[in-house]
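Each reported figure results from applying straightforward, stated rules to the coordinates on display, with no laboratory input. Please read all numbers here as calculations on a predicted model, not as lab measurements. Every residue, glycine among them, receives a Cβ derived from its backbone with ideal geometry; neighbour counts consider all protein chains shown.
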Amino acid sequence: MNTDPTTNMVVFEIPGYPEPFISSGPTQADDCVQQAWFAVPVERRAAAEVSRIYSEWQPSAVDEEFIGRTFPRAAVTYSFDRPGPGGWEAAYADVRQTMEQAERQHAAAQAVDNMEHVADNGQLLPVLWSWSSPTIDLLQHLPHRDVVPGRLHVTVAAVALTPQGRIGMNHLTHAKLGTQPFEEVLATAYGALVAGLRVDVGEDRDRPELGVFLTLRREGSFASSALALPDFHEQMSRSLGGDHLLVALPDPDTLLVTRQDSGWVDFLQHAVLDSPYAAGEIVPSLLALESDGIRLLIERHERIPTTS
């Protein structure tokens, strides 16, 4: 949505074309509509077929004459009155406020539509939630289980692409869960997560003594949530040949794992500390997996004291 009142959006509708043509010109120019029309990528003879013209600002007298001469079939509409001489700054201020309010209303309506779309079309997935997350206050409203007591938790959300192509989430609340056991919902979410997981092996062929690390990703999102799978430690230990493991969660969609005695420990640590991900539910973290459980070692910008 255009929120700059000094640029006037002009729309030309021509029968036979699948979409209207959106153009623009300087708002105060007497020939604004004319400039906008000449920027439209069609043959000039198409002007005779234009059926509707919409201009954010009322066309000037010069443009009205141009429209009447050039677009004989066009109906013309506009949203904002053209001010008289010396009235542009006040008009811009009023219109800017109107545009900003309309943009907020549009964003709010879009958010509601996206939530409904995700709720209706989303796939239930487990979502990790760090205690140091900026959104931690929301966790009290959500059924969850500990992954690392007091530090990292797992919730469930419906996840889908919004009509705008972004990842949308609709979190499962206590109210939405009702009387259904959370473990049943969590098991369903775990099953959906596993179905899309992909594991890639990383190594340096010139330095085999470093060992290997594994990268978990999935076709959808939230590969990091694999950490909460009941058999994650067992599966990774079998793949890496040891049960003392290090896991990096640089962002919600990536999980890195290696043995604690491998040459990739610094690589995983830097993946966390240098992560560009802006913390949401999860904060980039480094964790130790051992036979007696999971310990949080590092969160980005915070180092957790170890007890061993």
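Residues whose amide H falls under 5 Å from that of Q260, counting only those 5 or more places apart or on a different chain, are H244, L245, L246, with hydrogens built in the peptide plane.
Highest GNM mean-square fluctuation among A48, A271, A189, for the chain modelled with Cα contacts below 10 Å: A48. Specify the inter-centroid distance of segment 10-83 and segment 189-267, based on alpha-carbon positions, in whole Å. Each part's Cα centre sits 58 Å from the other's.
Across segment 177-188, computed HN-Hα scalar couplings (Karplus, 6.51 cos²θ - 1.76 cosθ + 1.60, θ = phi - 60°) run 5, x, 8, 5, x, 4, 4, 5, 5, 5, 5, 4 Hz from first to last residue, x flagging Gly and Pro.
How much net charge surrounds L197 when only other residues with a Cβ under 10 Å from its Cβ are counted (Lys, Arg +1; Asp, Glu -1)? The answer is +2. Quick one: if the Förster radius is 45 Å, what FRET efficiency do E290 and R104 give, using the C-beta to C-beta distance and rounding to 0.05? Calculated transfer efficiency: 0.35. The packing ranking, built from the mean of other Cβ atoms within 10 Å per residue, places the peptides 148-159, 4-15 in the order 148-159, 4-15, highest first. For the residues E184, E56, E19, a GNM of the chain with alpha-carbon springs under 10 Å puts the largest fluctuation on E19.
For the peptides 173-183, 256-266, the ranking by mean Cβ contacts within 10 Å, running from highest to lowest, is 256-266, 173-183. Note on V42 and Q28: the model spin-label points, each 7 Å out from Cα along the C-beta direction, lie 3.1 nm apart.
Each Cα pair under 8 Å and six or more residues apart adds its separation to the average, and for segment 22-96 the resulting relative contact order is 29 percent. In this structure, L138 and E219 have a Cβ-Cβ separation that, at R0 = 30 Å, corresponds to a calculated FRET efficiency of about 0.65.
What the phi angles of segment 23-38 give under the Karplus curve with 6.51, -1.76 and 1.60, with θ = phi - 60°, is a coupling list of 9, 7, x, x, 4, 7, 5, 5, 10, 4, 5, 4, 4, 5, 5, 5 Hz, glycine and proline written as x.
Taking the charge dipole of the chain about its Cα centre, with +1 at Lys and Arg Cβ atoms and -1 at Asp and Glu Cβ atoms, the residue from P5, P26, L210 reaching farthest to the positive side is L210. A value for Rg/Rh (Cα atoms, Kirkwood Rh) was derived from the coordinates, and within the list (i) 1.01; (ii) 1.19; (iii) 0.97 it appears as (ii). Only DSSP H runs of four or more residues enter the estimate; each adds -39500 (n - 2.57), and after division by the residues of the chain the mean residue ellipticity at 222 nm equals -9000 deg cm²/dmol. Using R0 = 45 Å, the C-beta based FRET efficiency linking S51 and D231 works out to 0.10.
With contacts taken as Cα pairs under 8 Å and at least 6 residues apart, the chain reaches a relative contact order of 11 percent.
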